[in-house]
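The values are calculated or read from the model by the stated rules, or taken from the named source; none is laboratory data. Just so it is clear, the model here is predicted, and its values are computed rather than measured. Positions of Cβ are backbone-derived with ideal geometry, glycine not excepted, and every protein chain shown enters the neighbour counts. Remember, those area values only see protein heavy atoms, side chains included, never the ligands or the DNA or RNA. Shrake-Rupley method; radii C 1.70, N 1.55, O 1.52, S 1.80 Å.
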Amino acid sequence: MSENLVLHPGQLDLATLRRFVFEGMDVTLSPEAQATLAAAARSVERIVAGGAAVYGVNTGFGKLAKTRIPDDRLRDLQRNLVLSHAAGIGKPLPERVVRLIMLLKANGLGRGFSGVRPEVVQLLLDMLAKGLIPVIPEKGSVGASGDLAPLAHMTAVLIGEGEAFYKGERLPGAAALKAAGLAPVVLGPKEGLALLNGTQVSTSLAIIALFDAERLFQAALVTGSLTLDAARGTDAPFDPRLHTLRGQQGQIECAAVYRKLMEGSAIRSSHEVDDERVQDPYCLRCQPQVMGAALDSLRHAARVLLIEANAVSDNPIHFPDTDEMISGGNFHAEPVAIAADLMAIAVSEIGAIAERRLALLVDPGMSGLPPFLVNDSGVNSGFMIAQVTAAALASENKTLAHPASVDSLPTSANQEDHVSMATFAARRVTDINDNVRTILGIEYLAAVQGLDFLAPLTSSQPLAQAAAALREHVSFFAQDRLFTPDMEKANALIAAGALNTAVAGALSLPTVEAA
């Protein structure tokens, strides 16, 4: 049975969001939030009755804001807004992304500053509970005025339009609602605009990418330590005195992790004396500095994204205590865009240094291991092309990590003349994550292969457990065989958090929550 989340709008934390994404949770709206929404809806009724022109309530949208809409056509206004804005294109967003979008939209609306009725938010939560997932095309948002097109596709299902997935079928929105035992809503004044405006799509994409990046970061600490031991590197650069002197928090934490992971390694002890090497290459020696910077960057992104997940980001903002609606720009997703760009750079660097460690392992002059980590090299190519694959992915990430937030194209007849591009900024982090997962998977395979060549010398207990977790699924690469199946198995272990689990008895790996 899924854990139940009582939604107190504006109070979500990262731990709850992580459980919702990876484990699933049933969500109910708190009674206090229902009362707040009901009071806000009554305020909207008073505003409409007052007759003043209010953007999006009784006017057109964007460049048409000066067009006054008669009261008897206000429902048509909201419905037409949804239908006309459902102009996305591309493959549907993954289910876990759409589920988070729905939760964050309910969370933002539920704070009571958007002018929607309780039944609108409740329908979103009922759809979540029933497993009814709107079809939201992945492309078509520039991240201001919020994620209009994708949120319109979500909202279309609420009014019996659009499409949704239900019990494995892709159905018209009305049919999906009926099959789930739900009824569409008729949108009242302001409600369509409130549902469409907001940053919930870009924020959801970024948060899920953040959680995936967190697992990659943790895995990279372990694969990097495995490589360090397989290459018979020194743990001297992880001396806490060095890192305290610099003072960077992420670096200090990562150095402590490497020390703990290496502790008790018989391989390390075997070359502590009479080792002619003075310094290891940067990809081994500078791991705390690179990974620490990545950790600090991911934590900054996590802070920004958590704030955004709890934000009121539609327009105009409704203040029911004074019956006011104030037009602003909270829908502009620049905070999300810049945070996603920072994440893209951080994750790319995790992959870049991992690829360099892999290159070191396959080079006998650098690692002291057999060429390309295989016996009878020449007849066998071993890890030669696996490293080429990693290099290709690391290079691809250089282009993908180019900042999206520095781009802008005016929209809506120049009314919306600076936009954030946050939705693409967040979406492309998933592609970078996928590339880095493969790079780390190949490093995992190579490092464990290298450790096997050093037998009977053994690594530390946590690293030996991490190696054993791989060997349960992938055997020693004794001679050439199809390589991709091994990579896929290693990738799956990393995606499932198996490396974190393998070392959990020895230490807890850092998370994106602030230390």
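What the table below lists for this structure:
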| quantity | calculated |
| --- | --- |
| Any hit, the range 103-115, residues being closer than 21 Å to PRO320 by Cβ, open to solvent by 10 Å² or more (accessible area, probe 1.4 Å) and part of a helix (DSSP H, G or I) | no |
| Top-ranked residue in the range 26-51 [being surrounded by fewer than 19 Cβ atoms within 10 Å (Cβ to Cβ) and closer than 30 Å to VAL512 by Cβ; ranked as modelled with the lowest pLDDT] | ASP26 |
| Cβ pairs under 6 Å, 6+ apart, first in the range 117-137 and under 17 Å from GLY162 (Cα atoms), second in a loop (DSSP other than H, G, I, E, B) and open to solvent by less than 10 Å² (accessible area, probe 1.4 Å) | LEU132/ALA180 |
| Failed item in (1) within 26 Å of GLN479 (Cα to Cα); (2) open to solvent by 70 Å² or more (accessible area, probe 1.4 Å); (3) basic (Lys, Arg), with LYS398 passing the rest | (1) |
| Failed condition for VAL374, given (1) hydrophobic (A, V, I, L, M, F, W, C); (2) open to solvent by 60 Å² or more (accessible area, probe 1.4 Å); (3) farther than 25 Å from PHE217 by Cα | (2) |
| Enumeration of residues in the range 131-146 that are in contact with a helix residue (DSSP H, G or I) (Cβ under 7 Å, 6 or more places away or on another chain), small (Gly, Ala, Ser) and surrounded by fewer than 23 Cβ atoms within 10 Å (Cβ to Cβ) | GLY140 |
| Residue check for VAL436: under 30 Å from PRO94 (Cβ atoms), of a type in the set (Val, Ile, Thr) and outside any helix (DSSP H, G or I) | no |
| Residue match in the range 476-487 (condition: without any contact (Cβ under 8 Å) to a residue 24 or more places away in the chain and within 17 Å of the chain's Cα centre (by Cα)) | no |
| Criterion: touching a strand residue (DSSP E or B) at 6+ places or on another chain (Cβ under 7 Å), within 30 Å of LEU148 (Cα to Cα) and of a type in the set (Val, Ile, Thr) - qualifying residue of VAL429, VAL419 | VAL419 |
| Check on ALA236, aliphatic (A, V, I, L, M) and in contact with a helix residue (DSSP H, G or I) (Cβ under 7 Å, 6 or more places away or on another chain) | no |
| Residue check, PRO70 without any contact (Cβ under 8 Å) to a residue 40 or more places away in the chain and open to solvent by 50 Å² or more (accessible area, probe 1.4 Å) | yes |
| Filtered residue count, the range 85-102, keeping only those that are in contact with a strand residue (DSSP E or B) (Cβ under 7 Å, 6 or more places away or on another chain) and surrounded by fewer than 18 Cβ atoms within 10 Å (Cβ to Cβ) | 4 |
| Condition check for GLU119: more than 21 Å from ALA38 (Cβ to Cβ) and either out of contact with any strand residue (DSSP E or B) (no Cβ under 8 Å at 6 or more places or on another chain) or assigned to a strand (DSSP E or B) (or both) | no |
| Failed condition for MET421, given (1) open to solvent by 40 Å² or more (accessible area, probe 1.4 Å); (2) under 30 Å from GLY328 (Cβ atoms); (3) in contact (Cβ under 8 Å) with a residue 60 or more places away in the chain | (1) |
| Selection count, the range 440-460, where residues are touching a Ser or Thr at 6+ places or on another chain (Cβ under 9 Å) and loosely packed, with under 15 Cβ neighbours inside 10 Å | 0 |
| Top-ranked residue in the range 67-84 [being in contact with a strand residue (DSSP E or B) (Cβ under 7 Å, 6 or more places away or on another chain) and part of a loop (DSSP other than H, G, I, E, B); ranked as nearest to VAL48 (Cα to Cα)] | ILE69 |
| Condition check for PRO410: at negative phi and at pLDDT below 95 | yes |
| Residue count, the range 324-365 (criterion: more than 24 Å from VAL419 (Cβ to Cβ), open to solvent by 30 Å² or more (accessible area, probe 1.4 Å) and modelled with pLDDT of 95 or more) | 5 |
| Count of the range 12-54 residues which are outside any loop (DSSP other than H, G, I, E, B) and farther than 30 Å from ARG73 by Cα | 16 |
| Residue tally, condition in contact with a Gly (Cβ under 8 Å, 6 or more places away or on another chain) and hydrophobic (A, V, I, L, M, F, W, C), over the range 354-368 | 3 |
| Residue within the range 373-380 that is more than 31 Å from the chain's Cα centre (by Cα), in a helix (DSSP H, G or I) and modelled with pLDDT of 95 or more present | yes |
| Failed criterion for SER405 (all others in (1) over 24 Å from LEU295 (Cβ atoms); (2) in contact with an Asp or Glu (Cβ under 7 Å, 6 or more places away or on another chain); (3) crowded, with 19+ Cβ neighbours inside 10 Å hold) | (1) |
